Every structure is written in structure tokens, then in C-alpha cells.
Amino acid sequence: MGFAQYQFSCFKFWSQMPQRWQFFSSRVAIAILSSGLFSFGMGHPATLAQTNNACQIVPSAAAQKEALRQAGIVEGNPEDRERYRDMVAKHGAEVQQCRRQTWPQNQALWLRVYPCDSKPGVLEGVLDEITNKGYNQVYVEAFYDGQVLLPASDNPTPWNSVVRSSGAEDIDLLSDAISIGRERGLKVYAWLFTLNFGYTYGQRFDRASVLARNGYGDTTLTVTDRAYAEYDGSNPGDRNQAFVDPYDEQARQDYRKLVDALIERQPDGVLFDYVRYPRGTGARSVVSEVQDLWIYGEAAKQALYQRALNSKGRELIERFLNQGYVSTSDVETVNRRYPQEEAMWQGRNVSQPVQEQLWYLSVAHAVQGVLDFLADAIEPVERDGIATGAVFFPDANQSVGEGGFDSRLQAWDRFPASMQWHPMIYGVCGQTSCIVDLLERVLNYAPLETQIVPAIAGKWGESVTNRPPLEVQMRDIQRAAPQVNSISHFAYSWQNPESDRERKFCSLN
């Protein structure tokens, strides 16, 4: 029985309940460019490169804009600043027009920003590069690794601000990214981790009870790298992750404060990532025993007990959770204690073995916690009329072997149809077949009204990490699924590694 099938048939309560541009920065460069040696003028009709339907700004136009940025924003020349702003608006409008006429109509890039991006002109330069490459959307990472993209002076959350240098307390990089992006015609989404609250959160003594726990007493901070490792296409493993119990009310309150603060900045959308449990490696990549499940936090346990519909059902659930099984002796003991009752709990099928039913109940309970947490998180976003999206692995909702399941338990096929679905089709096979297969799996599950926005990993013009170039991946996606008209690329750091490295390790002070 498949993962989606057992959800529907057994548990009715679910439905109820980079290479960088090398540019001149001097006024001399502007004079050369404006003289026509680069065959570009402000009204030149060939601002966009038309090769590969990329909607990219031609290098000569991009170079002139970069020179004006240096002179006008970095060096502070008022005349060049105005010329720069005019060119920014012009390029943005041209990319928007091209995207309306070119597949895909929406092309997004994933971006992490750093404290030094608050220096004059830096964020402008990054977003110029994104526009130059034909993107009309950008997904800015606003909550990751236990830190938030909020100013230190206006941060009501339990997480540290990304920018926390003395004298920089009022810097609001998310607001800056939104406003600077919109000047370029970019839609700017806030991209958030969800159940992964970060290492520093997990170290707080007042949040110890909030962390998810398995039946061996582990949190995701106490298991080893060999047992659990995250892989997002760029990072082979990271033990410094703290997943929380999705049933815990403190976790929900903390996350709601974060979401509320971020949507005050009015991004064009909010994308929720890590809407799942951690990914195990080796034998831990499959959960097949109740102790493997992250449902032993106090809140999750109590919520599971409440799935019982009578006293006999509750005691059997408790015994199964505490022992990892129920024996014939357990059943007989409980029968003698409650002779008038038939053991009942949500989704109970009395024709199937008790232990099998308790296992599927426990798995369903683990998954339902994630779905409920997501529903609670998106409520204020959708109430404000802001688009929402869920980021997921297409193969993370599968059954494995006899009664086992992928350890991530990411039931994305149960995500709200009103959200955008952002499957990370990061297949690695040296060609596009495995990438297209992942997309087709999502399309087979998705409701007709759901917008699918696949995320692919790679670089323009060259293969990387055994993946074809972006344009090759996109060509074959268009052939296989022409109805998909939005795509995102992971990530700016892959396309511009030198820029990303310099900005990451720059000192703000």
C-alpha cells in the first residue's frame, strides 16, 4: 500500500482534523561605454539576448548599468545615480515583457543575503545580476540556521538577527531586498525553514521541551552525523539542526511571531521549507519501528493518546508507544480491565491486527503534526492575501519495504492545493531523465488547480554535480510538462560562487 493510499483508507481523521561579471567601476568606464564602443545606447533595441529564450540582458548593457551603479551608488555621484535608476527600471520592464512572452513566464532564483549586503550598492549589484540573467522572481532566505532576516532593533522572535553588529541594529535586509527587488520588476518571496528551528534554538534551556524526540530519547541535536544528515543539493550534511515537535504549542507560538514579523514587510510570497522530519542515512533512512518516529515529545505523546476514542484504546496506544509493541498478554490484560469496550481510536479498522493498526496510527500521527503545523503557519499569510508555497522532496512521501516509510515523512501530497507546490527535482543521474521523472511524480499527485513551481539545481552553460546545464534541464521539462510555466533555480551561490563567498566572509565593521 502506497503512502498516500494508507493515509486515505486508514485514517479518515486526516481529512477531518557563479562566474561573476568583471566590471569597470570608474567614470572612465562610463565614458567608454557611453561612447558606443560597446554598441549600446539607452534606446538600443537589442538590450535583451534572445538566445535560448533566456530573456537575459546583453553583456554590454549590463556592463553600462554596473558602471553607473559603481559611480552613482557606491561613489555617490548624483547624476550617475539617476541614470542608473533609469536603466534599472528600463531593464526590469524589458525582462518582465520578455517573460510574459517566453516560457517559463516566471523564473526565480534562490538567494541568501549576508550582513555586508547592507553596504551601499552591494544588494543592488546582486539583484542587478539576477535581473541580467532573465529572472523576474527571487526567493530571499529569511529564516535559516537559527537566525532571522529582521533588524536587531525590531526582532520579537527567539532567534538572533542575521545582522547583529554594533551600530547596525536598524538594518532591515528583508525590507531592503523587497524594495530594491521591486525597483527591478522582481517579485520577492521570503523563504523560511519550518520545523528546523536551528542549533542555537535547540541550545536554549527554556526550549528543551519543545524539541522533537524519538523513542530512544534522542533529539536531532543528539543523534550522530552518521545517523542523520541533511542534503539539499549543496550541503552534504549538517548535525547542527534542531527539529521541533510540531504539536508543541510553544513551537507554534514562536513560529507565529516569526511569520507575523516577516509578513509585516509585505513580501510577494512566503515559501515554507523543511516541512518534514529529518532525513536519516543508511538504515535510518527508513522508519519501521515506532521508536524511530519523532513523536516522543510530551506534546506529541499527549496528542497521540487523545486519538483514542475510549479507555481501552488509550491504554493500548500507551503500551505500544512505551514498549514499541503490544503482546497477546497486553491485549488480554486490557480486555479484562475494560470488558465492555472494543478498543477504538481514530481510523481504527477492527478487522486488522491491533499492532499493525497501532503502527499506522503512529505514522499518521507523526505526519498529521507536520500538516497541522503548516496549516497554522500559513493562516496569517493567506489572510493578508500573500502567496504561500511549500518546498519539498518529491520522493520523501514513499513507503519502503514491508510497513516502512521514508524517514522524512513528508506528505506533500496532503499539502493545501491553494499553496504553490515547489518540488525540489534535484535528480542526479548525469542526464535529465531522473529530473523529469520526479516532476512527473508530482504532477500525478497534484490537484489540477495547484500551481507547480519545480526547483532545479545547476548552472547556466555547464554541467555541475552530475547535472546537465540549466538550459538543458529546462528544455526537457518544457517538453515533458508544457503546462508548468514557473521554474526556480537553486541557487545564486552556485551561479556566482565567488560573489557569494566574498559577501559571506566580508566584515561589516
Counting just the residues of segment 469-483 that are crowded, with 20+ Cβ neighbours inside 10 Å and in contact with a helix residue (DSSP H, G or I) (Cβ under 8 Å, 6 or more places away or on another chain), which one comes out nearest to Asn444 (Cα to Cα)?
Ile477
Scope segment 147-158; condition open to solvent by 10 Å² or more (accessible area, probe 1.4 Å) and in contact with a strand residue (DSSP E or B) (Cβ under 8 Å, 6 or more places away or on another chain); matching residues
Gln147, Ala152, Asn155, Thr157
The condition of being at pLDDT 95 or above, in contact with a strand residue (DSSP E or B) (Cβ under 6 Å, 6 or more places away or on another chain) and of a type in the set (A, V, I, L, M, F, W, C) holds, among Leu109, Leu123, only for Leu109
Kindly establish whether Asp268 is more than 30 Å from Tyr139 (Cα to Cα), of a type outside the set (A, V, I, L, M, F, W, C) and under 26 Å from the mean Cα position of the chain (by Cα).
no
Go through segment 369-435 and tell me which strands (runs of 3 or more DSSP E), entirely inside it, have 1 or more residues that are open to solvent by 10 Å² or more (accessible area, probe 1.4 Å) and closer than 18 Å to Glu449 by Cβ.
387-392, 420-423
Residues satisfying the stated conditions in segment 123-146, i.e. part of a loop (DSSP other than H, G, I, E, B), open to solvent by 10 Å² or more (accessible area, probe 1.4 Å) and closer than 29 Å to Phe197 by Cα
Asp145
Inter-residue pairs, beta-carbon under 7 Å, first under 10 Å from Gly134 (Cα atoms) and in segment 88-106, second aliphatic (A, V, I, L, M) and modelled with pLDDT under 95, 6+ apart:
Glu94/Leu48; Cys98/Leu48
Across (1) in contact with a helix residue (DSSP H, G or I) (Cβ under 9 Å, 6 or more places away or on another chain); (2) open to solvent by 10 Å² or more (accessible area, probe 1.4 Å), Ala364 clears everything bar (2)
Condition first: more than 19 Å from Ala390 (Cα to Cα) and either polar (S, T, N, Q) or open to solvent by 10 Å² or more (accessible area, probe 1.4 Å) (or both). Now tell me which residues in segment 105-117 satisfy that.
Gln105, Tyr114, Pro115
Here are some residues: Ala67, Ala93, Ala63, Ala71. Which one is more than 25 Å from Val270 (Cα to Cα), among the small types (Gly, Ala, Ser) and open to solvent by 10 Å² or more (accessible area, probe 1.4 Å)?
Ala63
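Each row is one residue, and each column tells you yes or no for (1) within 24 Å of Phe373 (Cα to Cα); (2) under 32 Å from the mean Cα position of the chain (by Cα); (3) open to solvent by less than 60 Å² (accessible area, probe 1.4 Å); (4) not hydrophobic (A, V, I, L, M, F, W, C).
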site	(1), (2), (3), (4)
Tyr255	yes, yes, yes, yes
Leu258	yes, yes, yes, no
Arg279	yes, yes, no, yes
Glu298	yes, yes, no, yes
Residues within segment 438-479 that are among the hydrophobic types (A, V, I, L, M, F, W, C) and part of a strand (DSSP E or B), tallied
5
Can you tell which of Ser463, Ser493, Ser433 is at pLDDT 95 or above, within 20 Å of the chain's Cα centre (by Cα) and of a type in the set (Gly, Ala, Ser)?
Ser493
So, first residue part of a loop (DSSP other than H, G, I, E, B) and modelled with pLDDT under 95 in segment 253-279, second residue of a type in the set (Gly, Ala, Ser) and buried (at least 23 other Cβ atoms within 10 Å of the Cβ), Cβ within less than 9 Å, six or more apart or across chains; the pairs are Pro278/Ala212; Pro278/Ser407; Arg279/Ser407
Please enumerate the residues belonging to segment 87-105 that are in a loop (DSSP other than H, G, I, E, B) and among the hydrophobic types (A, V, I, L, M, F, W, C).
Trp103
Can you say whether Leu438 is over 17 Å from Tyr139 (Cα atoms), buried (at least 17 other Cβ atoms within 10 Å of the Cβ) and of a type outside the set (Phe, Trp, Tyr), as far as the supplied structure shows?
yes
Checking Pro120 against (1) open to solvent by 10 Å² or more (accessible area, probe 1.4 Å); (2) part of a helix (DSSP H, G or I), which test does it fail?
(2)
If you take the residues in segment 172-222 that are assigned to a loop (DSSP other than H, G, I, E, B), of a type in the set (S, T, N, Q) and open to solvent by 20 Å² or more (accessible area, probe 1.4 Å), which one is modelled with the lowest pLDDT?
Thr222
If you go through segment 488-509 one residue at a time, do you hit one that is over 30 Å from Val162 (Cβ atoms), open to solvent by 40 Å² or more (accessible area, probe 1.4 Å), of a type outside the set (A, V, I, L, M, F, W, C) and not in a strand (DSSP E or B)?
no
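The values are calculated or read from the model by the stated rules, or taken from the named source; none is laboratory data. Because the structure is predicted, anything quoted here is derived from the model rather than measured. Note: ideal-geometry Cβ built from the backbone for every residue, glycine included; neighbour counts use all protein chains shown. Accessible surface is based on the protein model in full, side chains and every heavy atom, while ligands, DNA and RNA are left aside. Shrake-Rupley method; radii C 1.70, N 1.55, O 1.52, S 1.80 Å.
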